[in-house]
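Undergrad: Here you go, one structure.
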Amino acid sequence: MIQKFISLEWKSFIRAASFQTNLAMKILMGFGALYFIAVFLGLGFGSFFIIEKAELGDPFEVVNRYMIYYLAFDLFFRYSLQKMPVTNIKPFLYLPMTKNQVVRFSMGKTVVSFFNWSHAFFFLPFSVVLITKDYDPISVLGWHIGMAALIYCNNFINLLINNKSGVFYVFVALVLGLGAGQYFGYFDMTLYTAPFFNWLGSSPVAALLPIALLLILSRWAFAYFKKYMYLDAGLASKQEVASTQEYAFLNRFGNLGTFLKNDIRLILRNKRAKMALYGGFFFLFYGLLFFTGAIEVYDGPVWKIFAGIFISGGFLFNFGQFVPSWDSAYYPLMMSQNITYQDYIKSKWYLIAIATAVSTLLALPYLYFGLNAYLAVLVGGVYNIGINAYLVLWGGAYIKTPIDLASGKKAFGDKQSFNAKTLLLTVPKILLPLAIYWGVSLVASDEVAFASVAVAGVLGYLFKNKVFALIEKIYKTEKYKTLAAYKQA
Amino acid sequence: MITASQLSKTYGDKTVLNIDHLEIPKGQSFGLVGNNGAGKTTFFSLLLDLIEPSSGQIVSNEVVIHQSEKWKPFTAAFIDESFLIGYLTPEEYFYFIGELRGVSKADVMELLSGFEDFFHGEILDQKKYLRDLSKGNQKKVGIVASFIGKPEVVILDEPFANLDPTTQIRLKGIIKDLAATSGVTVLVSSHDLQHVTEVCERIVVLEKGQLVKDIKTAPATLKELEAYFSGVADGTASHDTSSDAADLADGLQNTDAPPTAP
């Protein structure tokens with residue numbers, strides 16, 4: 001039985017749409033994975049020496065002190081990213097196999113997940129370093145096993161709290177509150193948690209405690225899953241209570257208003273689109289890295305433009321980048337309804353332009369870092385509206401990855417949407433304004449260089465209709481391919 | 001109204017549709033039948049410019065479909081769920097289509113009020129998004145939306161599938177009415193021979209992309225079609241029995257008049 005499950009799993013893996021992307025993509029994803037492995041390995045080997053060099057105290061104890069945050073972040077990432085095994089259960093329900101087998105298999109699947117074994121890249125080298133540094137091997141081994149058990153506890157906690165967003169938000173609030181408490185020196189949670197991890201590190205028997213916890217949690221998760229393995233219980237998709245929203249104030253914009261209304265609903269009612277919006281909002285804070293001088297490399301004036309592009313372009317990069325994939329689920333409707341391409345593309349452009357303008361306004365607090373800081377944002381905003389808004393729409397014509405609106409889980413991991421052409425199109429989005437600034441600043445003052453980037457944006461805006469006609473043509477030639485690709489969702 | 005000439009669609013070396021000449025006059029209710037893979041949906045997709053013809057063209061109201069977008073204002077369709085926007089409520093969806101077709105909210109409401117029976121109280125004011133409606137109810141929304149804005153051509157792919165018997169009977173009435181009284185050219189495809197023969201004045205049979213029969217519907221048409229499709233099945237009894245079973249079911253429906261017929 002188990003072989004059958006495994007062979008099914010293997011097929012679903014190699015036949016997944018995301019796996020069958022082009023070679024370049026696979027290589028890119030490979031590099032991405034290698035990068036993270038390298039970071040973890042580096043941390044595993046390096047953190048001992050880094051802490052030692054920084055003279056923060058006994059490295060083992062320092063790591064133990066902050067271990068609670070490590071586990072909290074792990075749980076956070078799991079909740080937001082790890083896919084639940086339930087989706088594939090349905091076809092098995094009525095087949096001649098016991099529920100225990102099905103549950104065991106789908107829970108077993110989570111056990112071998114990347115979210116579990118990736119931690120080994122940190123813990124293994126760290127433990128090895130500890131032993132070479134003359135820590136008691138048995139104690140280190142006990143600690144190591146205890147930690148592994150705790151990581152796996154997270155795995156099952158995540159299974160249990162999945163789709164219980166209430167519990168999750170309470171958890172996030174708790175961790176944030178405690179973290180802030182520690183940061184501002186009111187309350188140090190680690191004073192109470194560190195002894196536990198230190199105890200794990202000193203007496204090997206202590207590892208039995210996490211192991212016992214793991215056993216309890218896994219039994220619990222097992223029972224929970226088995227109990228809810230009905231179509232109208234655990235496997236049911238959640239239904240929201242819907243209310244009709246008019247947004248009548250947008251009616252005055254005619255056809256454009258119609259689309260804007262729809263895009264607002266799209267963003268507010270779909271997990272994936274909502275995450276793009278939040279992501280765009282976080283970009284607003286990106287500038288803090290530059291203007292506070294937190295990172296030295298970013299101090300040059302060229303980087304101010306870079307920051308400006310990102311601060312004002314959060315929505316553009318997070319949402320605009322994936323136009324028209326947001327409409328992939330109903331693209332045939334859009335293509336056969338009484339809409340001209342011009343109107344469709346224009347409406348998306350306005351959405352991006354308005355959001356960019358709003359981001360630029362929201363960035364006003366950067367005035368705190370001086371007029372120059374905000375000017376950079378403003379210039380970035382003008383360039384984003386004038387040039388980059390076209391570029392994302394242009395690139396969109398080549399993105400043929402359908403977006404599953406309902407699932408928010410894949411938002412981060414969805415690298416399939418990149419391809420060579422869209423990668424090429426990111427170059428002018430970021431590098432061109434930097435080049436303009438840098439080039440002009442060689443021969444003129446910084447102010448003139450700033451202004452010239454803005455002028456490039458304004459020029460782009462003036463040629464709006466010409467550019468729209470051009471983009472329309474590209475969309476038309478790509479239309480059939482796009483429709484076919486979206487169908488394979 | 002609609003003329004297809006030298007129309008073909010091939011994928012690789014496989015021809016999925018090949019129609020020399022097909023003309024559909026204005027106001028005709030036109031039925032398309034054929035087994036799976038006969039090319040029904042391919043033909044409809046070509047009519048909506050969702051796929052590109054490998055050769056030939058379709059001209060609708062003097063507009064060459066794959067060259068101009070001018071067919072959009074007078075053409076409406078419901079092919080499958082990809083014509084629905086899942087995160088809208090049915091009302092929002094109807095208004096959206098209305099706005100695109102220049103129909104005011106009040107006029108959309110008026111049109112919808114004519115379909116209250118058809119909706120059977122399961123569509124409007126349900127506090128549900130389209131994605132949470134059942135397949136059958138989704139279909140009702142899509143079909144009715146295709147009537148918004150007085151289109152001259154309405155294309156419905158498998159409109160009877162997934163609908164409950166009462167709704168099927170009502171839909172038949174609606175489609176017949178549309179072609180007869182408003183002069184709308186209605187194109188319908190179906191696997192259900194009984195339904196098409198009842199609804200359509202003309203029935204075209206596709207088989208592996210070829211046009212094999214073009215019949216003006218007469219009382220004997222159903223028998224003729226059944227005879228044809230039993231022949232295509234070529235001895236595999238399953239086809240026979242299933243169509244018999246469908247027949248039987250339909251016969252029962254017909255004697256069983258809907259309690260609240262319009």
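Any read-out appearing in this document is the output of simple, stated calculations on the displayed coordinates, not a laboratory observation. Note that the coordinates shown come from a computational prediction; the quantities given were computed from them, not determined experimentally. Cβ coordinates were reconstructed from backbone atoms using ideal geometry, including for glycine residues, and neighbour counts include every protein chain displayed.
Undergrad: With θ set to phi - 60°, apply the Karplus curve 6.51 cos²θ - 1.76 cosθ + 1.60 along the stretch B:105-122 and write out the HN-Hα couplings as whole Hz, x wherever there is a Gly or Pro.
TA: 4, 4, 5, 4, 4, 5, 4, 4, 4, x, 10, 4, 4, 4, 6, 6, x, 10
Undergrad: Still on this model: Place a point 7 Å from Cα of residue B:70 in the direction of its Cβ. Which residues in the stretch A:309-346 have their backbone N less than 16 Å from it?
TA: Under 16 Å, as judged by backbone N against the label point of residue B:70, lie A:339-341 of the stretch A:309-346.
Undergrad: List the lysines whose Cα sits under 17 Å from the Cα of residue A:271, skipping any in the same chain fewer than 8 residues away.
TA: The reachable lysines, counting only those whose Cα sits under 17 Å from residue A:271, are A:83, A:164, A:238, A:409, A:410, B:128.
Undergrad: Ok, one more. Kindly identify the stretch A:250-488 as rounded, prolate or oblate by the Cα gyration tensor criterion: order the square roots of the eigenvalues as a ≥ b ≥ c, call it rounded if a/c is under 1.5, otherwise compare a/b with b/c, prolate if a/b is larger, else oblate.
TA: Because a/c hits 1.5 or more and a/b exceeds b/c, the stretch A:250-488 counts as prolate.
Undergrad: Rounded if a/c is under 1.5, else prolate if a/b beats b/c, else oblate: with a ≥ b ≥ c from the C-alpha gyration tensor eigenvalues square-rooted, which is the stretch B:49-146?
TA: Because a/c hits 1.5 or more and a/b exceeds b/c, the stretch B:49-146 counts as prolate.
Undergrad: With labels modelled as points extended 7 Å from the Cα through the Cβ direction, what inter-label distance (nm, one decimal) is found for residue A:364 paired with residue B:22?
TA: Output for this residue pair reads 6.1 nm.
Undergrad: Using only the alpha-carbon atoms of the stretch A:325-393, report the extent along each of the three principal axes, biggest first, to the nearest angstrom.
TA: Principal axes ranked by extent give 51, 19, 16 Å for the Cα atoms.
Undergrad: In whole Hz, what ³J(HN,Hα) sequence does the stretch B:139-145 give by Karplus (6.51, -1.76, 1.60; θ = phi - 60°), x for Gly and Pro?
TA: Working through the residues one at a time gives 4, 4, 4, x, 5, 5, 4 Hz.
Undergrad: How do A:151, A:436, A:161 line up, fewest other C-beta atoms within 10 Å first?
TA: A:161, A:436, A:151
Undergrad: Stokes-Einstein at 37 °C, 0.692 mPa s, Kirkwood radius from Cα pairs: D for the stretch A:22-227 in µm² s⁻¹?
TA: Approximately 173 µm²/s, per Stokes-Einstein.
Undergrad: A further question follows. Specify whether the C-alpha gyration tensor of chain B places it in the rounded, prolate or oblate class, a ≥ b ≥ c being the square roots of the eigenvalues: rounded for a/c under 1.5, otherwise prolate if a/b is larger than b/c and oblate if not.
TA: Oblate shape, in that a/c is at least 1.5 and b/c is the bigger or equal ratio.
Undergrad: Using a Gaussian network for chain B with springs between C-alpha atoms less than 10 Å apart, which of these wobbles most: B:39, B:12, B:121?
TA: B:12
Undergrad: Shifting gears a bit: Name the aspartates and glutamates eligible as straight-distance cross-link partners of residue B:105: C-alpha to C-alpha under 12 Å, and not fewer than 8 places from it in the same chain.
TA: A:246, B:91, B:92
Undergrad: Same structure, new question: Which entries of A:304/A:466; A:348/B:26; A:348/A:476; A:274/B:139; B:72/B:208 show an alpha-carbon separation above 26 angstrom in the structure shown?
TA: A:304/A:466; A:348/B:26; A:274/B:139; B:72/B:208
Undergrad: Once phi is turned into θ = phi - 60°, what whole-Hz ³J(HN,Hα) does the Karplus curve with 6.51, -1.76 and 1.60 give for every residue of the stretch A:313-327, x standing for Gly and Pro?
TA: Along the stretch A:313-327, the couplings run x, x, 5, 4, 7, 7, 9, x, 3, 9, 6, x, 4, 4, 8 Hz.
Undergrad: Here is a follow-up. Could you compute the FRET efficiency for residue A:73 and residue A:203, with r as their C-beta to C-beta distance and R0 at 22 Å, rounded to 0.05?
TA: After rounding to 0.05, the efficiency reads 0.25.
Undergrad: Based only on Cα atoms, what Rg/Rh ratio does the stretch B:99-138 have, Rh being taken as Kirkwood's radius?
TA: A ratio of 1.01.
Undergrad: In whole Å, what are the extents of chain A along the principal axes defined by its C-alpha atoms, from largest to smallest?
TA: 73, 61, 43
Undergrad: Now, a different point. For the stretch A:94-134, run through the chymotrypsin sites (Phe, Trp or Tyr not before Pro) and keep only the ones in DSSP coil with at most 13 other Cβ atoms within 10 Å of their Cβ.
TA: A:94
Undergrad: Let me ask you something else. Once R0 is set to 56 Å, what does the formula 1/(1 + (r/R0)^6) return for the Cβ-Cβ distance between residue A:8 and residue A:465, expressed as a FRET efficiency to the nearest 0.05?
TA: Step by step, r from the Cβ atoms, then E = 0.55.
Undergrad: Could I ask something else about it? Going by how many other beta carbons lie within 10 Å of each one, how would you line up A:196, A:184, A:322, fewest first?
TA: If I rank by nearby Cβ atoms, fewest first, I get A:184, A:196, A:322.
Undergrad: Something else now. For the stretch A:250-488, with the dipole built from +1 on Lys and Arg beta-carbon atoms and -1 on Asp and Glu ones, taken about the Cα centre, which of A:432, A:387, A:368 lies farthest toward the positive end?
TA: A:387
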